[in-house]
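Peer 1: Below is a structure I'd like to ask you about.
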Amino acid sequence: MGAAVLPLMQFSKRCGRGARGKATLARGNTSTVAMSQRRSLQMQKIRVIPVLLLKEWGIEKSIRFQDPVYIGSPINAARVFNGRNVDELILLDIVATERKRPPIIEVISQITEEAFMPVTVGGGIRDISTIRELLTAGADRVVINTCAVEQPNLVTQAADRFGSQCVVVSVDAKRNPDGSYEVYTHGGTRATGLDPVSHARRMQDIGCGEILLTSIDRDGTMDGYDLELTQRVSDSLTIPLIACGGAGSVEHLADAVGVGHASAVAAGAFFLFFGQRRTVLLTYPNDNELTQAFDPSQIRLKTSNPTVLPDGAVKQGNGK
């Protein structure tokens, strides 16, 4: 996939943005308005988003939310994805809720200092002060999952305080034997009895700006998204939906948008593994691969001054 398939642990250090997000809250309402305008422009394009699952200072990846394996350093991963000019990066601390703590601020701060792209952070968020800390540490948005079920007023409070564009609600869903879907919390370990369509609509109604929908059944399988689940939830909303769980090819990404009606696509294993043996190599589709699967007008091309040829191929700005 793409011209450069980069090993996770081999990437030269780039100059980070330093205190990139640390003045976010100090700038007050002006920052919120500017961020809203920036994200509004981005949302006109389909975003292709790597998801990194954090455990302390490392990245892990699971299959169906089980048996996570260690991948490498999230800071090195951020440097790699900088080089691929990715649209956004989602960081989810997968042990934060279990350990009753928020994401580790020092980890988030070091990652965001290296990241040129917008960064969205989640895991164990239960109060406004944690959201403020994460935004101050450089996050552009936060993801609320378990607490959105247990304490939904936090979604409203966060939207009122920081703006809906800062608040993403994560919905993890699994198919029941009878074909219905159910929302799970606590890292996919606790059934809630909630229907994902109804839950997502309620989250929209109380103030969240976007839904991150993950199919637990497809997570890490690379067999494709659950398009039925994605379409059901997306068609019920007026806010954007990020589809996650199951991507294994660029065609899967396109299906999530074309069939599932997602506004953006996210994946973990697809960007972390290479080949049938799931060798740990970070990769990201290049412009040619994306324009073969999507209408070029739908995506943000990653090269400088690219030219889209009549056959859909992309000619790089340097003539290559």
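Peer 1: Taking the condition of being at pLDDT 95 or above and assigned to a helix (DSSP H, G or I), how many residues in segment 114-150 meet it?
Peer 2: Matching residues across segment 114-150 total 14.
Peer 1: Something else: Name the residue that is farthest from VAL169 (Cα to Cα), counting only residues in segment 114-123 that are buried (at least 23 other Cβ atoms within 10 Å of the Cβ) and out of contact with any Gly (no Cβ under 7 Å at 6 or more places or on another chain).
Peer 2: The residue in question is ALA115.
Peer 1: Can you name every residue in segment 244-264 that is over 20 Å from GLU60 (Cα atoms) and touching a strand residue (DSSP E or B) at 6+ places or on another chain (Cβ under 6 Å)? Explain how you work it out, then say what you get.
Peer 2: Our first condition is that a residue be over 20 Å from GLU60 (Cα atoms); within segment 244-264, this holds for 249-264.
Within segment 244-264, LEU253, ALA256, VAL257, GLY260, ALA262, SER263, ALA264 qualify.
Peer 1: Follow-up. Could you figure out which of (1) in contact with an Asp or Glu (Cβ under 8 Å, 6 or more places away or on another chain); (2) farther than 29 Å from GLU251 by Cα; (3) of a type in the set (A, V, I, L, M); (4) in contact (Cβ under 8 Å) with a residue 24 or more places away in the chain isn't true of LEU135?
Peer 2: (1)
Peer 1: Go through segment 179-190 and count every residue that is out of contact with any Leu (no Cβ under 9 Å at 6 or more places or on another chain) and more than 21 Å from ILE125 (Cβ to Cβ).
Peer 2: 2
Peer 1: Which count do you get for residues in segment 131-145 that are buried (at least 23 other Cβ atoms within 10 Å of the Cβ) and not aliphatic (A, V, I, L, M)?
Peer 2: Selection size over segment 131-145: 4.
The values are calculated or read from the model by the stated rules, or taken from the named source; none is laboratory data. From a predicted model like this one, the values you see are computed outputs, not experimental measurements. Positions of Cβ are backbone-derived with ideal geometry, glycine not excepted, and every protein chain shown enters the neighbour counts.
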